[in-house]
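For reference, the structure is listed below as structure tokens.
FYI, it's all coordinate maths here, none of it is from the lab. Nothing here was measured: the structure is a model prediction, and the numbers come from that model. Neighbour counts are summed over all protein chains in view; Cβ atoms, including those assigned to glycine, are modelled from backbone coordinates with ideal geometry.
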Amino acid sequence: MPPVRVALIADIHGNADALRAVLADIGRQGVDRIVVNGDVVNRGPDSAEALGLLLDRDDVAFTLGNHDDLLRLWHARSETLPPEWFADPFWGATAWSAEQLDRVGLLDVPGGWPMTVTLHGPGLPEVLVAHGTPAHYRESLSERTDPERVRELAGGAGVLVGSHIHRPARAERGGVLVLNTGAVGAPANGDRRAQYLLLTATPQGWRPEFRAVSYDIEPVLRRFETSGLLAAGGLSAEIFRDELRTARSLYTPYWLWTEAHEQPRDERTWAAFLRQHPLD
């Protein structure tokens, strides 16, 4: 039987408390299937735990996210990554998370995940799901995406679902319904609740519902310290913790700011960035 209700969750980013809250909410919604649309791991303190929670279920399909892939590539010292990254302390949080997954034998699990998942149902438009877009897991999909690009990416699908940007989005673009799931574990829309997308099959087509689930964020913030992530991860871990606390995107703006000013990524430039972009 085709699914009637599908939960699409993404960008958990090593936040097991947010994931548990979402899974509990999903259990109350009569969901038939869960699609985990990438980025289960990295950034937060609970990568191994979050991945384990999902692998224990039999109702889950996965797509590959850029952070899921990054940890594998990092641990293998892949030539696809800039070699200078491996000696840069700024990447301490990534190195720490890769080690945690490797220690419990889960590091290579995402290597078998596909780039896309497709949902079908009688009389329903095809739903094409990818972490970024079907073309690349780092390409953004939102209400701002060019309609011609949406048609190209959809390839005949009536609904195109992405994640990666850490905020929900909905728009009709190029005759295609564009949806973004938002983020479970690291939202960037100013709302600290764990966010996901619910699709319900109806005679009129797929009905999307954006859900936001409250949970206690303080234990997760504390685990940045107690887990060892903050000590090992340094500045990048500090930024990831601030993103979680503020529900704002900080890492990418800071990265772009340092590139524009041709500056290293260190405590001095982070302080200079914060003077121009205060957290509170």
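Brief remarks on what is shown
- Label positions at THR252 and THR269, each projected 7 Å from the Cα along the C-beta direction, are separated by 1.9 nm.
- Cα-projected label distance for ASP59 with GLU218, points at 7 Å along beta-carbon direction, nm: 3.2 nm
- Simple rule: put +1 on each Lys or Arg Cβ and -1 on each Asp or Glu Cβ in the chain, find the dipole, and look at LEU106, VAL127, PRO208; the Cα lying farthest toward the positive end is PRO208.
- Compared with the direct C-alpha span, the chain from ASP32 to GLN204 gains 60.0 nm at full extension, assuming 0.36 nm per residue.
- Fewest-first ranking of ASP58, ASP216, ASP25, using other Cβ atoms within 10 Å as the exposure measure: ASP58, ASP216, ASP25
- Extension gain for ASP146 to ASP108 (0.36 nm times residue separation, less C-alpha to C-alpha distance): 10.2 nm.
- Check: the range 170-256 dipole with +1 on Lys, Arg Cβ and -1 on Asp, Glu Cβ, in debye: 200 debye
- Excluding the site residues themselves, the longest part of the chain lacking any GluC sites (Glu not before Pro) in a DSSP loop with at most 12 other Cβ atoms within 10 Å is 144-261.
- Backbone HN-Hα couplings from phi across the range 48-55 [Karplus 6.51/-1.76/1.60, Hz, Gly and Pro as x]: 5, 5, 4, 5, x, 4, 7, 5
- Filtered trypsin sites (Lys or Arg not before Pro), the range 39-105: DSSP coil and at most 14 other beta carbons within 10 Å: ARG57, ARG77
- Percent of C-alpha pairs per 5 Å bin in the range 182-276, short distances first: 3, 12, 18, 17, 16, 12, 8, 6, 4, 3, 1, 0.
- Taken about its Cα centre, the chain carries a charge dipole of roughly 660 debye when the Cβ of each Lys and Arg holds +1 and the Cβ of each Asp and Glu holds -1.
- Cβ crowding within 10 Å, taken as a proxy for footprinting-reagent exposure, orders PHE86, PHE273 from fewest neighbours to most as PHE86, PHE273.
- Using distinct alpha-carbon pairs, which all enter the 1/r mean, Kirkwood radius of the chain in Å: 19.1 Å
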